[in-house]
Protein chains: 4
Amino acid sequence: MIRAGIIGATGYAGAELVRLLLGHREVEIKWYGSRSYIDQKYAKVYGNMFQLVEDSCLDDRIEELAKQVDVIFTATPQGFLAGVLTEEILERTKVVDLSADYRLKDVAIYEKWYKIEHKSPQFLEEAVYGLCEINREQVKQARLVANPGCYTTCSILTAYPLVKEGLIEPNTLIVDAKSGTSGAGRGTKLPNLFCEVNESIKAYGVASHRHTPEIEEQLGYAAGESVTISFTPHLVPMNRGILATEYASLKKIKQPDGTVAYPSDAQVRAAYEKYYGSEYFIRLLEQGTCPETKWVEGSNFVDIGFQIDERTRRIVMMGAIDNLVKGAAGQAVQNMNLLFGFPETEGLKLVPMFP
Amino acid sequence: MIRAGIIGATGYAGAELVRLLLGHREVEIKWYGSRSYIDQKYAKVYGNMFQLVEDSCLDDRIEELAKQVDVIFTATPQGFLAGVLTEEILERTKVVDLSADYRLKDVAIYEKWYKIEHKSPQFLEEAVYGLCEINREQVKQARLVANPGCYTTCSILTAYPLVKEGLIEPNTLIVDAKSGTSGAGRGTKLPNLFCEVNESIKAYGVASHRHTPEIEEQLGYAAGESVTISFTPHLVPMNRGILATEYASLKKIKQPDGTVAYPSDAQVRAAYEKYYGSEYFIRLLEQGTCPETKWVEGSNFVDIGFQIDERTRRIVMMGAIDNLVKGAAGQAVQNMNLLFGFPETEGLKLVPMFP
Amino acid sequence: MIRAGIIGATGYAGAELVRLLLGHREVEIKWYGSRSYIDQKYAKVYGNMFQLVEDSCLDDRIEELAKQVDVIFTATPQGFLAGVLTEEILERTKVVDLSADYRLKDVAIYEKWYKIEHKSPQFLEEAVYGLCEINREQVKQARLVANPGCYTTCSILTAYPLVKEGLIEPNTLIVDAKSGTSGAGRGTKLPNLFCEVNESIKAYGVASHRHTPEIEEQLGYAAGESVTISFTPHLVPMNRGILATEYASLKKIKQPDGTVAYPSDAQVRAAYEKYYGSEYFIRLLEQGTCPETKWVEGSNFVDIGFQIDERTRRIVMMGAIDNLVKGAAGQAVQNMNLLFGFPETEGLKLVPMFP
Amino acid sequence: MIRAGIIGATGYAGAELVRLLLGHREVEIKWYGSRSYIDQKYAKVYGNMFQLVEDSCLDDRIEELAKQVDVIFTATPQGFLAGVLTEEILERTKVVDLSADYRLKDVAIYEKWYKIEHKSPQFLEEAVYGLCEINREQVKQARLVANPGCYTTCSILTAYPLVKEGLIEPNTLIVDAKSGTSGAGRGTKLPNLFCEVNESIKAYGVASHRHTPEIEEQLGYAAGESVTISFTPHLVPMNRGILATEYASLKKIKQPDGTVAYPSDAQVRAAYEKYYGSEYFIRLLEQGTCPETKWVEGSNFVDIGFQIDERTRRIVMMGAIDNLVKGAAGQAVQNMNLLFGFPETEGLKLVPMFP
């Protein structure tokens, strides 16, 4: 039984962490950190937790917290962890950061897209990008895990095998992503109001969303060269879920008979199987089936489907996740499981809820 | 490890049973019965179950099924189980019936409200009404459990202690209930279409809904006399959840000082505590807190709040459940746990999902 | 062509006024008042108004405004108009107040329920309660119209004929009302966020909502005696619409043959017809039909249905309106039409939008 | 005053036609055709029309209908009109067809994508594609108007000026479209149920949706060459609205100084202004503003925004319409106005409803 602390426990991602950790057999939550609700009962902030969590909220003094727990989750605004992280903390405890502070290796790119100074670039090198299905072995050895963003998790995993295997032209990749509203957080802002979101859909952050360089960096590693993509997020009137619809031009590959031709359905499927065939949390749907976000709601699954368009020589890849689970808290728990040698699925064998 | 069979596994309640039983440590599902989808893979009918359920749907031959399993759940239309149940089946296996066939002790009332003939009234006497918090001991001894309706579970539990303790006039009880749309089932009917339900609310079945006599019968037992109430269901544009807002006139009671007066907040609270104080699944909210269906979503909890109105000498009681869990599949699993001596909460310690 | 000014033009009710007045042939909006958005283009605050409204927002100096327009609409927080209204203003212009400042004749009741001091009780006597179908003639003569609240409009109109004709016991009246979320306003408060409202229903303000005394006062006039009722509002995950489900015990009345008996369906219907038979905006639904809020969306209609419950000797009355139209801006325009002698339906013959 | 008949008046598009025509000063509906509801009161099929439409539904005998009205709208399944249209009908009356029967000039393409035989290809040549902003003059002279599809209207208008002016590479065009659920019609099919659609998003018809060739044909005329695009529709949990997010590579153009370079924001904007600057129903949003479907709800507007992505040399174009208005019934009325010489905006100056 390990002890965990959460800084930022009263945001939606933090609350989802609480939900998941309450069902985890090897962890006990010792610290519900929330600057906004200090000394208030956690269950008053989240009515669903009534009689399940008796604790009150604590502050965000991470140094003190590091003395008390084995793992710290930071579900905090960008810049928070970078501003307070020290070597002492990392010597005492593992840190899984749900913010973007250590996701990008290049501090210049971070500062350009996030428009804040990075206060502790010295840890960038060490931080492991916690996309478990791809960086599993590195995560196991890490002290500091940069938990991927919600859009990025979905966007990367959906395209990764095809980029890695060279079946698509990486720079033709266009990611049109749609997210439920919990992705916008619990901030009391006008665009988050029910009447503003309900019965509407819109794009936002076009050509400027911060998850873009994160997708590019990771797919760049897969491609073995730098990659530039188009990424457009959309806000959808639903609580949870991300659907990424991804378009790319197919690349001719050498065929068994020595000729060169566009990859077939079977070859695309084989590429997915190669990387995900034994992954519990990635479900490659049957041919002709398009993922629906409802099918993964509340779970840590990534559902992936694809369709080759013979007319345009493009492939349409589709990936669906629950943004709060695989896109945030679930992946954070999966990373924690790797860090501590627990079964990777512990606490995460959640059956998707339908309807 | 016991074996379970489900007849009606492809309705929403049946599917929720599957979700819950997959997370139960003592049960294995051996039979996914569905007349409409025989031989089709269950996971094609419910995409969320992809790679979690590999079975195909079977028919509804309950006699054959009874030979293979320890417990049968029937999530079937009214009249189905009454038409096929036999003594032989009950000698072989336990049956938890999610339909209304054995909920009402008086066959005449059943036939009047359901407008079908009851084919096996001989089992009515034996059947136990499976409202676990009230009939726990009888359920433990039962062969046949009549799992309560969704509206009834919520309506009864919300008022029960006050009726039982004589704090309200039972015949003044008015239950104004609001349900998510999964309560209407998965039938392809015009009123269930997205565009017909979304952005609208309506009452239906006014003064004629079939759950009325069920509520009256059970509250009648609590009151020790026959009870007649008003019950009005409403359809709400959400997937899950029932909220029952219940109104009743308070009844003067003898006070500690010998006078007679209307019960106080504390006395009402004490009545709830008396019956529910040690119930895991019933959460009596703090004074001034109104339940929200979102706080119980996906869980087996019943959240109850109340407010005394000094001006009208009425009390407003409010109860919230997830109609598919405590209102159907969760309660069925709870009954199964009682039937087989498992811990009552096994498979049901689901943390409500928010948002 | 008259000129209108709106103070509070950027709330949802104010914005709905703009929508309706843009389609009105006899009015021109000259002043979009909004303390929060002074000097900002109105169409930046409401994107739907792009290219339809070119004006920028102005302040709320009502004295200046009164010099420029023929009618002022105040869609402002409680207390605003009471704090600034003067005889000079009323001599210059008509005022339709969408707040509660002049709805209650008894200043003590106002101050008790609204918990603020009333700054200009001298206008209470003069103010006309603008429920057009009931006070039509008084409105025509008024200078100051107190536009009814959304819950109250629906609650009163649904029960009025039966109270007036003595068919129900007024003090048994219980109003269980359900409102879309626009009724909560455009304030950036946590409970108004999409993820907090969506997929949930709750009661609020139980036994304490401010619309209660307004309903009681008006129904008291109809009953000819003081009336005390139960009123419970609920928040529903939809943008627009109020459904009031109202319960009351029937009262025996003298029958044509000289006996005394409970009123029949026909007698109830006749009572509704007597008061509403020639009202364009009130639609008495056919026997057995329950109103749905979607059927009135975007329109000024009130849909009313009822069901007598022979078992309990109660009647269930149901009324549905669009809270922003008949519950606010539509009724305000209807009042304006009466004030200026325009056809009462001018600008209001909106066909409900479905779906 | 002209007389109109509707065949298919009880689908969502037909019902929207009724809503719009009831507010049109020059038209009277004489025939509510609906094979499914013959002899039933129209207002029983659409409760919102209670007391607004007193007619009952009639059959679909178009020859008889043609004798009685000046214009026929067919909001019918594919193949219906092609199967019954005759020269005699067209000599008597104008026809606006909301189905796809006469949208594609090439009968082979029609039969390939729709998988039915075209029964009257002889009218294909004559039929005018009723995208008013582009084919206004031809519509005025037509007898038979092929009213564009909902996705196509939005997709074409969003990209048209840039294709026409050669600012983008037509064959790089990718249209990722999102539609409200009314676009799926009122058929009682499982995927249309509330609980299946709500809280979920999915793509469907990937690389095979029937609106694809329609978009390609029209953009091909603009480009002056054949165009092949990617088109992916998505189902969104809302009643109305289509958002098309469109991606294309910019094409270098000759600049005023004689050099060749990628078009600037101003040049793109100028292209839109050139074609839409005086169009009432097309609103080119300000730089940096992304359209939201809610801003056009209930109206005939098309809102268009764009963003150039310097990093990828692509442009992201976004268009939003109400699928039932500009995407169906509104455009049909606009076409009718052109056919009969009414002001083009008559009956269509609907202010979008928000929220």
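The values are calculated or read from the model by the stated rules, or taken from the named source; none is laboratory data. Remember, it's a predicted structure, so these values are computed and weren't measured experimentally. Cβ atoms come from the backbone with ideal geometry, glycine included; neighbour counts cover every protein chain shown.
Annotations for the structure displayed:
- When A:Lys294, A:Lys254 are screened for being more than 29 Å from A:Leu98 (Cα to Cα) and out of contact with any Gly (no Cβ under 6 Å at 6 or more places or on another chain), only A:Lys254 passes.
- The lone criterion from (1) surrounded by fewer than 24 Cβ atoms within 10 Å (Cβ to Cβ); (2) within 14 Å of chain B (Cβ to nearest Cβ) left unmet by C:Ser182 is number (1).
- All positions within the range A:269-288 that are in contact with an Asp or Glu (Cβ under 9 Å, 6 or more places away or on another chain) and of a type outside the set (Phe, Trp, Tyr): A:Ala270, A:Ala271, A:Lys274, A:Glu279, A:Ile282, A:Arg283, A:Leu284, A:Leu285, A:Gln287
- Residue that is farther than 19 Å from C:Pro233 by Cα and among the small types (Gly, Ala, Ser), where the choices are C:Ala177, C:Ala146: C:Ala146
- Residue in the range A:215-229 that is under 28 Å from D:Asn239 (Cβ atoms) and at pLDDT 95 or above present: no
- Within the range A:1-50, the set of residues being under 18 Å from the mean Cα position of the chain (by Cα) and more than 21 Å from C:Ser200 (Cα to Cα) comprises A:Ile6, A:Ile7, A:Gly8, A:Ala9, A:Leu17, A:Leu20, A:Leu21.
- Single residue of B:Ala108, B:Ala100, B:Ala142, B:Ala127 found to be free of Cβ contacts under 8 Å to residues at least 40 places away in the same chain, crowded, with 18+ Cβ neighbours inside 10 Å and among the small types (Gly, Ala, Ser): B:Ala127
- Only one of the numbered conditions (1) crowded, with 17+ Cβ neighbours inside 10 Å; (2) within 20 Å of B:Glu196 (Cα to Cα); (3) not charged (D, E, K, R) is violated by D:Ser36, and that is (1).
- The set of residues from the range C:10-66 being under 20 Å from C:Val333 (Cα atoms) and basic (Lys, Arg) comprises C:Arg19, C:Arg25, C:Lys30.
- Breaking point among (1) touching a Ser or Thr at 6+ places or on another chain (Cβ under 9 Å); (2) among the hydrophobic types (A, V, I, L, M, F, W, C); (3) more than 10 Å from chain D (Cβ to nearest Cβ); (4) over 30 Å from C:Val197 (Cβ atoms), for A:Leu190: (4)
- Selection from the range D:1-46 of residues that are farther than 23 Å from D:Gly187 by Cβ, in a loop (DSSP other than H, G, I, E, B) and within 13 Å of chain C (Cβ to nearest Cβ): D:Gly23, D:His24, D:Arg25
- Within the range C:245-295, the residues that satisfy the criterion of being closer than 30 Å to B:Asn198 by Cβ and among the polar types (S, T, N, Q) are C:Thr245, C:Gln287, C:Thr289, C:Thr293.
- Given (1) over 23 Å from D:Ser182 (Cβ atoms); (2) surrounded by 19 or more Cβ atoms within 10 Å (Cβ to Cβ); (3) under 25 Å from the mean Cα position of the chain (by Cα), number of the condition D:Leu58 does not satisfy: (3)
- Single match in B:Gly298, B:Gly277, B:Gly288 (criterion: within 14 Å of chain C (Cβ to nearest Cβ), surrounded by fewer than 20 Cβ atoms within 10 Å (Cβ to Cβ) and not charged (D, E, K, R)): B:Gly288
- Residue in the range C:324-345 that is crowded, with 23+ Cβ neighbours inside 10 Å, at the interface with another protein chain (Cβ under 10 Å from one of its Cβ atoms) and more than 18 Å from the chain's Cα centre (by Cα) present: no
- Residues that are assigned to a helix (DSSP H, G or I) and either within 13 Å of chain C (Cβ to nearest Cβ) or crowded, with 20+ Cβ neighbours inside 10 Å (or both), drawn from the range B:195-222: B:Cys195, B:Glu196, B:Val197, B:His211, B:Thr212, B:Pro213, B:Glu214, B:Ile215, B:Glu216, B:Gln218, B:Leu219, B:Ala222
- Residues considered: B:Ala271, B:Ala266. Of these, the only one that is over 29 Å from C:Val236 (Cα atoms), in contact (Cβ under 8 Å) with a residue 40 or more places away in the chain and not in a strand (DSSP E or B) is B:Ala271.
- Of the residues making up the range B:164-178, those that are under 20 Å from B:Arg240 (Cβ atoms) and within 9 Å of another protein chain (Cβ to nearest Cβ) number 2.
- Residue-level analysis places D:Ala159 outside the set of residues that are in contact with a Ser or Thr (Cβ under 7 Å, 6 or more places away or on another chain), crowded, with 24+ Cβ neighbours inside 10 Å, in the same structural domain as D:Pro291 (by TED's automatic domain parsing) and outside any loop (DSSP other than H, G, I, E, B).
- Members of the range C:96-131 found to be assigned to a helix (DSSP H, G or I) and over 18 Å from C:Leu339 (Cα atoms), listed by number: C:Val107, C:Ala108, C:Ile109, C:Tyr110, C:Glu111, C:Lys112, C:Trp113, C:Tyr114, C:Pro121, C:Gln122
- Being more than 8 Å from every other protein chain (Cβ to nearest Cβ), in contact with a strand residue (DSSP E or B) (Cβ under 7 Å, 6 or more places away or on another chain), buried (at least 24 other Cβ atoms within 10 Å of the Cβ) and modelled with pLDDT of 95 or more is a property that does not hold for D:Thr232.
- Restricting the range A:47-68 to residues that are away from chain B (no Cβ under 14 Å) and of a type in the set (A, V, I, L, M), the residue that is nearest to A:Val84 (Cα to Cα): A:Ile62
- Looking across the range D:35-72, the residues that are polar (S, T, N, Q) and either in contact (Cβ under 8 Å) with a residue 60 or more places away in the chain or closer than 28 Å to C:Ile282 by Cβ (or both) come down to D:Gln40, D:Asn48, D:Gln51, D:Ser56, D:Gln68.
- Tallying residues that are at the interface with another protein chain (Cβ under 10 Å from one of its Cβ atoms) and either closer than 30 Å to A:Arg19 by Cβ or outside any loop (DSSP other than H, G, I, E, B) (or both) within the range A:301-315 yields 9.
- The range C:20-40, residues that are out of contact with any helix residue (DSSP H, G or I) (no Cβ under 9 Å at 6 or more places or on another chain) and farther than 28 Å from D:Gly347 by Cβ: C:Arg35, C:Ile38, C:Asp39, C:Gln40
- Hey, B:Cys154 at negative phi, free of Cβ contacts under 8 Å to residues at least 40 places away in the same chain and assigned to a helix (DSSP H, G or I) or not: no
- Residues of the range A:346-355 classified as within 14 Å of chain D (Cβ to nearest Cβ) and aliphatic (A, V, I, L, M), total: 1
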